[in-house]
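Written out below as structure tokens is the structure these notes cover.
The values are calculated or read from the model by the stated rules, or taken from the named source; none is laboratory data. Predicted, not measured: the structure shown is a model, and the values here were computed from it. Here the Cβ positions follow ideal geometry from the backbone for every residue, glycine too, while neighbour counts run over all protein chains shown. Remember, those area values only see protein heavy atoms, side chains included, never the ligands or the DNA or RNA. Shrake-Rupley method; radii C 1.70, N 1.55, O 1.52, S 1.80 Å.
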Amino acid sequence: MQDQILVTRSSMPGFEEYIEEIRSMWDSRWLTNMGPKHREFQEKLKEYLGVENIDLLTNGHMALELTLQAMNLQGEVITTPFTFASTTHAIVRNGLTPVFCDINPDDFTMDVEKLESLITDYTCAILPVHVYGNICNIEEIERIARKYELKVIYDAAHTFGETYKGRGIGSFGDASCFSFHATKVFNSLEGGAVCYRDQGFGNAIYELKNFGIHGPEEVSAVGANAKMNEFCAAMGLCNLRHVEEEIGKRKKAAERYRSHLEGIEGLQLNAVQKDVKQNYAYFPVVFEEKAFGASREEVFERLAENGIGARKYFYPLTNTFSCFHRKYDVRETPVALHVSRRVLTLPMYADLALEDVDRICGIILGCRK
Ligand code: T4K
């Protein structure tokens with residue numbers, strides 16, 4: 001049991017394991033720019049994720065941003081506002097216009113029933129989010145994308161290690177972008193990757209993450225610096241050895257939460273999706289105040305008073321951010337608005353003690369008036 005429990009806690013390998021992994025760098029002095037750890041990590045990830053093509057980047061955000069740039073897109077990108085700032089920012093920072101599709105109330109992913117009506121002559125891509133590790137309606141998204149010849153880029157930041165119908169989740173769409181941030185199911189300190197279909201795209205990403213350098217004497221694109229360094233790759237290599245075990249521990253914590261909270265009136269737990277191998281990235285709960293007897297804010301405050309840092313992922317919606325100066329109309333995404341005002345993600349990480357889950361649930365249920 002811990003005094004203070006935060007929403008998550010980074011998974012780390014044993015200290016000696018990491019030291020052993022980085023030891024060779026003291027001889028080679030090769031610290032970044034696609035070195036041996038980078039190459040090894042990339043190969044091991046390809047195998048683990050079940051994808052044909054992958055490239056490593058500094059973080060999940062740069063994976064999204066450079067993916068959009070590499071596709072040379074112009075116009076509108078259909079996405080959802082129930083996500084982390086990164087998804088929408090990647091679109092806007094590429095000079096593209098986000099068009100917000102609502103989410104469905106069951107798993108909080110893009111509502112495909114509303115998707116087609118948002119397509120215009122300017123639409124160039126769809127950027128859905130597998131939010132909380134919940135898989136979007138892939139079949140329908142890909143059918144619509146094919147019909148209108150649109151690119152599909154999945155924000156797969158939350159879906160490390162998941163499969164859908166036995167296929168690695170990164171193998172869907174034109175590209176899928178993962179985050180290996182410290183707060184994720186799997187981390188390389190900071191890090192990210194893009195899995196992709198087309199080799200030409202792969203060449204473009206590889207150059208864009210290195211300033212757009214094409215050869216010793218040619219710079220053919222205005223790229224960024226988004227190369228994963230060797231220390232991050234080494235952490236990734238270590239954490240990858242333990243990730244299945246870590247996911248197994250998360251599963252136990254999720255089951256313990258469910259044993260307390262499932263079936264309680266006014267609480268909506270995360271959907272358990274068919275054909276999906278889950279990674280238990282987050283444990284979101286939607287609080288319907290009247291039915292439950294306490295609001296999300298009351299539960300949040302009570303947990304905080306007890307040293308428990310639940311988070312309001314994802315509130316506020318990205319289409320309400322002040323940086324967008326009221327450019328978008330939040331009334332167009334009413335389900336997302338409803339959920340974002342009521343959701344709380346509870347602490348979830350591999351080392352979370354089951355007794356702590358019991359205590360957290362006790363506090364939550366004790367909030368009812
Ligand atoms: N797309 C989606 C859908 C995403 O959710 C994200 C990132 C991205 C794209 C972009 O991927 P990256 O560029 O980040 O790779 C956190 C993360 O920074 C962010 O990666 C994540 N989504 C987002 C949902 O959560 P904050 O601002 O809430 O993090 P912070 O610093 O408050 O940390 C949360 C908790 O994690 C802390 O209370 C304790 C724990 N923690 C934190 C850090 C930094 C650790 O245990 N170790 C640590 O090193 O954004």
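Miscellaneous remarks
- Element breakdown for the chain at a 1.4 angstrom probe: carbon and sulfur atoms account for 50% of the accessible area.
- Listed by chain and number, the lysines placed with their C-alpha closer than 27 angstrom to that of Lys209 are Lys37, Lys44, Lys46, Lys151, Lys184, Lys227; residues fewer than eight positions away on the same chain are left out.
- A Gaussian network model of the chain, with springs between Cα atoms under 10 Å, assigns the largest mean-square fluctuation among Asn137, Asn187, Asn239 to Asn137.
- Global geometry of the stretch 42-85, whether rounded, prolate or oblate, following the gyration tensor of its Cα atoms and the 1.5 cut on a/c: prolate
- Normalised contact order of the stretch 15-237, rounded percent, pairs of Cα under 8 Å and 6 or more residues apart: 27
- Percent antiparallel among DSSP beta bridges (both partners in the chain, rounded to 5): 60
- Of all complete DSSP H helices in the chain, those with a Cα span along the helix axis of 27 Å or greater and a mean Kyte-Doolittle hydropathy of -1.0 or more are 230-261.
- Restraint check, Lys165/Lys249; Lys114/Lys147; Lys165/Lys274; Lys251/Lys274, Cα-Cα greater than 19 Å: Lys165/Lys249
- Listed by chain and number, the lysines placed with their C-alpha closer than 27 angstrom to that of Lys290 are Lys312, Lys369; residues fewer than eight positions away on the same chain are left out.
- In a DSSP loop and with at most 16 other Cβ atoms within 10 Å, there are no chymotrypsin sites (Phe, Trp or Tyr not before Pro) in the stretch 40-87.
- Nonlocal amide H pairs with Ile103, under 5 Å, H built at 1.01 Å: Asp111, Val335, Ala336
- Estimated FRET transfer efficiency when R0 is 56 angstrom, pair Lys44-Glu301 (beta carbons, to 0.05): 0.80
- The stretch 122-191 and the stretch 1-20: distance between their alpha carbon centers, rounded to Å: 27
- Dipole of the chain, positive direction: furthest Cα of Cys195, Met25, Ala291, with charges on the beta-carbon: Ala291
- Candidates per GluC sites (Glu not before Pro) in the stretch 144-208, loop by DSSP, up to 14 other Cβ within 10 Å: Glu149
- Cβ-placed point charges (K, R +1; D, E -1), dipole of the stretch 15-237 about Cα centre in debye, nearest 20: 220
- At a probe radius of 1.4 angstrom, the accessible area of the stretch 15-237 per residue rounds to 42 square angstrom.
- Build a GNM of the chain with springs between Cα atoms under 10 Å apart, and of Leu346, Leu118, Leu303 the one that fluctuates most is Leu118.
- GNM flexibility winner over the chain from Gln273, Gln69, Gln199 (Cα, springs under 10 Å): Gln199
- Among the trypsin sites (Lys or Arg not before Pro) in the stretch 44-151, those placed in a DSSP loop whose Cβ has at most 16 other Cβ atoms within 10 Å are Arg93.
- Taking 0.36 nm per residue of sequence separation and removing the Cα-Cα distance, the Glu217/Phe324 pair yields an extension gain of 34.5 nm.
- As a length-normalised measure over Cα pairs under 8 Å and 6 or more apart, the relative contact order of the stretch 242-365 settles at 36 percent.
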